[in-house]
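This report refers to the structure that appears directly beneath it.
The values are calculated or read from the model by the stated rules, or taken from the named source; none is laboratory data. No experiment lies behind these values; they were computed from the predicted model shown. Virtual Cβ from ideal backbone geometry, glycine too; neighbours counted across all protein chains shown.
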Amino acid sequence: MTRKSLLMVGAGLSGAVLARELAQAGHRVTVLDARDHVAGNCHTQRDPDTGVLVHVYGPHIFHTDDQQVWDYVNRFGRFRPYTHRVKTTSGGRVYTMPMNLHTINQFFDMALSPQEARALVAAKAQTLPEPPRNFEEQALSMLGADLYEAFFKGYTAKQWGCDPTALPAAILKRLPLRFSYDDNYFFHRYQGMPEDGYTPIVAAMLDHPAITVSLNTRFTKDMARGFDHVFYSGPLDSWFGQDSGALGYRTLDFERLTHDGDYQGCAVMNYADAAIPHTRITEHKYFAPWEEHARSVCYREVSRACETEDIPYYPIRLAEDKSLLSDYIRRARKETGVTFVGRLGTYRYLDMDVTIREALDCAAMFRDHAAHDQTMPAFAVTP
């Protein structure tokens, strides 16, 4: 095997996993990141005033059914059991999310069995064109108007900055509807939080003699010179200077609050009413329930359109974005010496476990291509 000189643009999960895997395979790896820390948007740090471990860019809960991914992250740090439970304030009352039997009974002021609740929701569901053409039609055909308007219509408009009729139906399909009292937000076999946060785990991945990390370093394409291959986890459109236009993202503004004792009694409180500008408040000490803190750190979140200097969080992927994305994909496939990876590089919403799985698979693909002296494609996974 010829030892390659590789450049990873981004020290988040994609870049760190790829760097570790390819360094262990005998390659030399340089990792660049524009920020002053590793771990990307899952960066965590201790708040100096309260001692609370804060998820600096919003909470990240690790959940997966992928045994290999679960074993992989546990190589680099200890994960503690964590069950994510979410509450929602709607119309001045607090409900459990995701929507389950408790939510339905409380909302309709009833004491229904699972079968009775299923029948009630089915009776309220509206008959609409098949398949549903947008988020609102999907919600109305699943839940009916009462539940949709109480829990989803206002929240969705705030989160995405557009009317729910402009959003694809698939967004709602990711949210479960349960006819039991199960209030575990996720349904995966493995769920947990890293005891010391995500940043030490990513730092441990990057702790290898064949890896060099350079922070506070904003990538420019001339930096690729001298490397045999580049793995780019920055925004796909930024590789081309956004010369065909900017892909649409939502970003988040955080208002930090401190409080003596508990502030809201749960990790996440969503605010479904359209009249309340923020989408949720997160209380970070609840993400580490094995710790005890006399004071609390909370983030009030407001979603808005992402501008040039903002951190992109969620790809919007409306019709105009998909058309522009197709153009950038076509151009990317004509590039040589670069593979686009991760959430930003492929313009997709990815959970952490999927990000790691794709990075592991991408590393395996590169090892195979290098062994057979083949050119690595622009995408290991098609956006």
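Tabulated results
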item	result
Single residue of 358, 309, 335 found to be in a loop (DSSP other than H, G, I, E, B), in contact (Cβ under 8 Å) with a residue 24 or more places away in the chain and acidic (Asp, Glu)	335
Subset of region 134-178 (residues that are of a type in the set (A, V, I, L, M), touching a residue at least 40 places away in the same chain (Cβ under 8 Å) and under 24 Å from residue 102 (Cβ atoms))	143, 147, 150, 175, 177
Flag for residue 288 being surrounded by 16 or more Cβ atoms within 10 Å (Cβ to Cβ), among the small types (Gly, Ala, Ser) and closer than 22 Å to residue 52 by Cβ	yes
Matching option when the condition is in a strand (DSSP E or B), β-branched (Val, Ile, Thr) and more than 30 Å from residue 272 (Cβ to Cβ), among 31, 54, 38	31
Single residue of 56, 52 found to be without any contact (Cβ under 8 Å) to a residue 24 or more places away in the chain and under 23 Å from residue 280 (Cβ atoms)	56
Residues of region 128-170 that turn out to be in a loop (DSSP other than H, G, I, E, B) and crowded, with 20+ Cβ neighbours inside 10 Å, as a count	1
Hits in region 145-195 (condition: touching a His at 6+ places or on another chain (Cβ under 6 Å) and hydroxyl-bearing (Ser, Thr, Tyr))	181, 185
Residue check, residue 346 out of contact with any Phe, Trp or Tyr (no Cβ under 9 Å at 6 or more places or on another chain), among the polar types (S, T, N, Q) and at pLDDT 95 or above	no
Whichever residue in region 198-255 is in a loop (DSSP other than H, G, I, E, B), of a type in the set (Ser, Thr, Tyr) and more than 24 Å from the chain's Cα centre (by Cα) and, among such residues, is surrounded by the most Cβ atoms within 10 Å (Cβ to Cβ)	244
